[in-house]
Amino acid sequence: MRARAYDTARAGWGFAAPGLVTLAIVMGIPLVYALAISLSSMTMLRPQLRLVGLDSFAAVMSEPLFWHSVLLTLRYSAMTVIGEFAIGLAVALMLRQVVAMRGVYFALLTLPMAMSPVAVALIWRMLLQPNLGIVNQVLTGIGLPAVDWLGRSDLALTTVAWIDIWQQTSFVVLLLSAGLAALPKEPYEAAEVDGAGPFQQFWYITLPLLRPVATIAIIIQLINEFRTYDLVYVLTKGGPGVSTELLSYFAYRRAFQGLAVNEGNAAAFILLLIVLSITVVFFYLLERRRA
């Protein structure tokens, strides 16, 4: 028995080896090089790779602007993931009841997801233009004042978040729709016999059975939101002021505008550690619930 298990494990590693080697080359080498840069004194003005330890991490973490970017990223990610999941779940539940033209609806839903984030940002930047944008034209046409959606520090982050939700919700809809389609019918039939209403079936059957798929959707979207860069770059460039300077944009600005590539890489690795920590916590909670 042990010999058979050993042969099975060896065969599995043999099949997985090409993919693992490819991942090690494509991802591992750049990651190790970026880590070496973050542990060095390299800048654009001094491109020598001289290791100095954790000095770059200490320099980055000693800045109030860094912690502002961390808190801003957490807030942005919470807004977008909660919005995408709530809207995505509602749409997926509605599409579950649709029989005719379901394929058309799914095709329309995939359009925002298929668009480049840069293209999405450019489109919405034109729509939200303070003077000539269609959104403000509609508002003024019905007697409401025009709004500087991207130029006000109290509105810019929320505006970027809603644009992100507009684009990414379709991905959550597709994942949750696949999860809903795979749910067994027997618990619902038994619940109807027992007199359970639609809300009770949703709360006690749908949500618990959908939890694994929902957790995967939340984790994927959290990773996507934490590394949001292109929307911020095109829409606001971190402004007005630093009201939309997420951690990914802070790392870019420190590396290429501040010319300190070591500190920029250090900020990027801190972002990576935050994402990994949140992912581990979510998987731990999921496995704990299963146990």
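The values are calculated or read from the model by the stated rules, or taken from the named source; none is laboratory data. Not measured: the values here are computed from a predicted model. We place every Cβ from the backbone using ideal geometry, glycine too, and count neighbours over all the protein chains shown.
Is there a residue being crowded, with 19+ Cβ neighbours inside 10 Å, within 20 Å of SER243 (Cα to Cα) and acidic (Asp, Glu) anywhere in the stretch 133-155?
There is no residue in the stretch 133-155 that is crowded, with 19+ Cβ neighbours inside 10 Å, within 20 Å of SER243 (Cα to Cα) and acidic (Asp, Glu).
Where in the stretch 91-168 are there helices (runs of 4 or more DSSP H), lying fully within it, with 3 or more residues that are at pLDDT 90 or above?
117-127, 134-141
Which of the residues belonging to the stretch 65-108 are in contact (Cβ under 8 Å) with a residue 24 or more places away in the chain, surrounded by 15 or more Cβ atoms within 10 Å (Cβ to Cβ) and under 16 Å from TRP162 (Cα atoms)?
Within the stretch 65-108, LEU72, THR73, TYR76, SER77, MET79, THR80, VAL81, GLY83, GLU84, PHE85, ILE87, GLY88 qualify.
For the stretch 204-215, check the following and say yes or no: at least one residue is farther than 13 Å from THR80 by Cβ, buried (at least 16 other Cβ atoms within 10 Å of the Cβ), polar (S, T, N, Q) and more than 18 Å from the chain's Cα centre (by Cα).
Yes.
What tally of residues in the stretch 234-243 results from selecting those that are free of Cβ contacts under 8 Å to residues at least 24 places away in the same chain and either in contact with a helix residue (DSSP H, G or I) (Cβ under 7 Å, 6 or more places away or on another chain) or closer than 19 Å to TRP67 by Cβ (or both)?
Residues that pass the stated criteria total 1.
Tell me which residues, restricted to the stretch 117-167, are touching a residue at least 60 places away in the same chain (Cβ under 8 Å), more than 17 Å from GLY83 (Cβ to Cβ) and in contact with a helix residue (DSSP H, G or I) (Cβ under 9 Å, 6 or more places away or on another chain).
VAL118, ALA121, LEU122, ARG125, LEU150, ARG152
Working carefully through the options LEU23, LEU45, find the one that is exposed (fewer than 13 other Cβ atoms within 10 Å of the Cβ), more than 21 Å from PHE226 (Cα to Cα) and touching a residue at least 12 places away in the same chain (Cβ under 8 Å).
Exactly one residue qualifies, and that residue is LEU45.
Return the only residue of ARG10, ARG46 being over 30 Å from GLU245 (Cβ atoms) and either at pLDDT 95 or above or charged (D, E, K, R) (or both).
Testing whether each residue is over 30 Å from GLU245 (Cβ atoms) and either at pLDDT 95 or above or charged (D, E, K, R) (or both) leaves just ARG10.
Out of curiosity, is ALA255 in a helix (DSSP H, G or I), surrounded by 14 or more Cβ atoms within 10 Å (Cβ to Cβ), touching a helix residue (DSSP H, G or I) at 6+ places or on another chain (Cβ under 6 Å) and without any contact (Cβ under 8 Å) to a residue 60 or more places away in the chain?
Considered against the rule, which asks whether it is in a helix (DSSP H, G or I), surrounded by 14 or more Cβ atoms within 10 Å (Cβ to Cβ), touching a helix residue (DSSP H, G or I) at 6+ places or on another chain (Cβ under 6 Å) and without any contact (Cβ under 8 Å) to a residue 60 or more places away in the chain, ALA255 comes out as yes.
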